[in-house]
Amino acid sequence: MPPAVISITEKMDSFTELWSPKIIAELNDCHFKLVKLQGDFVWHDHSDTDEAFIVLSGSVRIDFRDGTVKLNRGEMIVVPKGVEHKPFADEECHVLLVESAGTVNTGNASKNERTTGSGEWI
């Protein structure tokens, strides 16, 4: 039997929470997570894994200690492990994250109101 097709649109439409990554697939030791962003996140890093941000709709600004990157629909960036960053979106933005399984959304930052853990499967 062939693998199941995953509808990114249907999965994204199935939740409304902001800053709460939802796991939709696993490839080797990596999770594919959908997340809706709006407003400000927290400074954090992931000491053990790189993190890919792929913008599906809207735009997101990612602040780094030494500069800023703005991503629009159809663009992506890979944040290397250990690099501190802070996402921000003026309006709701939909992003596909790719990162090691078990990665906590706030990384090495102290637990705070944005911490949701490593993601829930949908």
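Here, each number is a calculation from the coordinates, and none is a lab measurement. All values derive from a computational prediction rather than experimental measurement. Glycine gets a Cβ as well: all are built from the backbone with ideal geometry, and neighbour counts include every protein chain shown.
I'd like the Kirkwood hydrodynamic radius of the chain, using the inverse of the mean 1/r over distinct C-alpha pairs, in Å.
Result for the chain stands at 14.5 Å.
What GluC sites (Glu not before Pro) in region 17-82 are in a loop by DSSP, with at most 14 other Cβ atoms within 10 Å of the Cβ?
17, 75
In percent, what relative contact order does the chain have, based on Cα pairs under 8 Å that are 6 or more apart in sequence?
32 percent
Mind checking which of 55, 78, 42 has the largest fluctuation in a GNM of the chain, springs on alpha carbons under 10 Å?
78
For region 1-53, what value does the Rg/Rh ratio take when both radii are computed over Cα atoms and Rh is the Kirkwood radius, given to two decimals?
1.01
Around residue 83, with a cut-off of 10 angstrom between Cβ atoms, what is the net charge of the other residues, counting Lys and Arg +1 and Asp and Glu -1?
Result for the local shell: -3.
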